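Enquirer: Next up is a structure, given as structure tokens.
The values are calculated or read from the model by the stated rules, or taken from the named source; none is laboratory data. Since the structure is predicted, the reported quantities are computational estimates derived from the model, not experimental observations. So basically every Cβ, Gly included, is an ideal-geometry build from the backbone, and we count neighbours across all protein chains shown.
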Amino acid sequence: RSDRTVLILRGEDGTELIPKATKQRGPNAGQEIVVSRSIARRAIDDKTAILTTDAQSDKRFMEHESVIRQRINSAMCVPLWHEDEVLGVLYVDNVAAPLPYEHTDLLILTHIGHLAAVKILETKSFEALQRRRQMEEELRRAASLQQSLLPDEPLLSPPFRIAGKNIPSLEVGGDYFDFIDGDARALTIGLGDVAGKGMPAALLMTNLHASVRAHVESEQELTVVMTRLNRSIHHAVRGERFITLVLIAIDRKSGDLRYVNAGHNPPYLVRSSGETEMLSVGGLLLGMFPEATYESATLKLLPGDVLVLYSDGVTEARDEAEEEFGEERLASFLKENRSMDPERLVESLIRAVHEFSKDGKLGDDVTVAVIRHD
């Protein structure tokens, strides 16, 4: 007996009412369906089924424009709710039917509304599950792609041996490291950290990986490389994100090491004697100030020396008491274990950070790279 039936659901903010399905017949078929928002809102707010047997004379609705303009005779509106959640309303009315809706009709429509609410919730849950699975699959693919860009095996470039490892705190991360084995003498190592976590940081990290390789292969002077990187990154992020990065170039024949540190955690150089130096010369982090300039420093790697690069996920890891792993603990660990080969030292340091961390969980990406002069 219904001329019009409308399924209306609440928007994500809970205030907007959105018609999702309609059906018409009778003299108004083909016309735009206009449902009284006040009727729908009352049904939702009061969680009450509404019945009017004569809408034209019903004081609750007789002044509503939609009721008057569409000459509605009788109408019902029931909330679609399950437990404490109201999803929307199911609205029906008639214009030409000689007999108005009765209380029995309202009971039937209320029951239908309850069944519809359950079905809608099931559908929403299924769709949410599908979206979550799709997102997880996309993250897995992104993580696989990201990890494929990072070195997965130690690099033996006599007299140097290099190893590194990245452990993202999420599926994908913003830490970067790379070994670039260039011409007969040049060996370049980079390690950086993109501000933030998740997919945005991962995308910028991927861009950084390509940019570093392109600039290093076309320019030997690290200060020029860093200046160009800073400008290109600033152009890409417009100062909304930043990257810390340290670049190191080693002459395999002489052992001379040049480096530029753009706001990154200073790498530790552990001499064979146990003395330590921190590589902090450079300039500002990348991406914030397009006209930033950088300076480099030079030192010499000697047989038995170990150079350790790391991200802030190492030193900022926290234990149960919220104490940080810190640089002092890191320096002590490196001095005690400086005789380890690079692979073992990388694994041992990451394991130490894991064991130190609260519940054994990393709060940030952890990346470590070790260069040893054999």
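Enquirer: I'd like to check something: does segment 63-82 contain any residue that is small (Gly, Ala, Ser), out of contact with any Pro (no Cβ under 9 Å at 6 or more places or on another chain), more than 14 Å from residue 17 (Cα to Cα) and loosely packed, with under 14 Cβ neighbours inside 10 Å?
Expert: Checked against the condition, which is being small (Gly, Ala, Ser), out of contact with any Pro (no Cβ under 9 Å at 6 or more places or on another chain), more than 14 Å from residue 17 (Cα to Cα) and loosely packed, with under 14 Cβ neighbours inside 10 Å, segment 63-82 yields no hits at all.
Enquirer: Please pick out the residue among 238, 228, 271 that is within 24 Å of the chain's Cα centre (by Cα), farther than 17 Å from residue 193 by Cα and without any contact (Cβ under 8 Å) to a residue 40 or more places away in the chain.
Expert: From the options 238, 228, 271, the qualifying one is 238.
Enquirer: For residue 127, state whether it is exposed (fewer than 12 other Cβ atoms within 10 Å of the Cβ), closer than 30 Å to residue 47 by Cα and not small (Gly, Ala, Ser). Reasoning before the result, please.
Expert: Details: exposed (fewer than 12 other Cβ atoms within 10 Å of the Cβ): yes; closer than 30 Å to residue 47 by Cα: yes; not small (Gly, Ala, Ser): yes.
Yes: the conditions hold for residue 127.
Enquirer: Test residue 343 against the stated conditions and say whether it is assigned to a loop (DSSP other than H, G, I, E, B) and within 31 Å of the chain's Cα centre (by Cα).
Expert: No; evaluated as a whole, the condition is false for this residue.
Enquirer: Being in a helix (DSSP H, G or I), at pLDDT below 85 and touching a strand residue (DSSP E or B) at 6+ places or on another chain (Cβ under 8 Å) narrows it down to one residue among 147, 134; which is it? Working first, answer last.
Expert: Details: 134 fails: touching a strand residue (DSSP E or B) at 6+ places or on another chain (Cβ under 8 Å).
None of the others qualify; the one that does is 147.
Enquirer: Restricting attention to segment 198-245, and to residues there that are of a type in the set (D, E, K, R) and part of a helix (DSSP H, G or I), which single residue is surrounded by the fewest Cβ atoms within 10 Å (Cβ to Cβ)?
Expert: 217
Enquirer: Could you check how many residues of segment 316-374 are basic (Lys, Arg) and either outside the structural domain of residue 162 (by TED's automatic domain parsing) or buried (at least 17 other Cβ atoms within 10 Å of the Cβ) (or both)?
Expert: Looking only at that region, the number is 3.
Enquirer: Could you list all residues from segment 265-279 that are among the charged types (D, E, K, R) and either crowded, with 21+ Cβ neighbours inside 10 Å or closer than 13 Å to residue 300 by Cβ (or both)? I'd like the intermediate steps shown before the answer.
Expert: Just the residues of segment 265-279 that are among the charged types (D, E, K, R), to begin with: 271, 275, 277.
Listed by number, the residues that qualify are 271, 277.
Enquirer: Picking from 34, 86, which residue would you name as being touching a helix residue (DSSP H, G or I) at 6+ places or on another chain (Cβ under 7 Å), at pLDDT below 80, closer than 27 Å to residue 120 by Cα and assigned by TED's automatic domain parsing to the domain that holds residue 122?
Expert: 34
Enquirer: Next up: Hey, can you tell me all the residues within segment 139-169 that are over 22 Å from residue 250 (Cα atoms) and hydrophobic (A, V, I, L, M, F, W, C)?
Expert: 139, 142, 143, 145, 167
Enquirer: Taking the residues in segment 164-197 that are charged (D, E, K, R) and in a loop (DSSP other than H, G, I, E, B) as candidates, determine which candidate is surrounded by the fewest Cβ atoms within 10 Å (Cβ to Cβ).
Expert: Per the stated criteria, the residue is 183.
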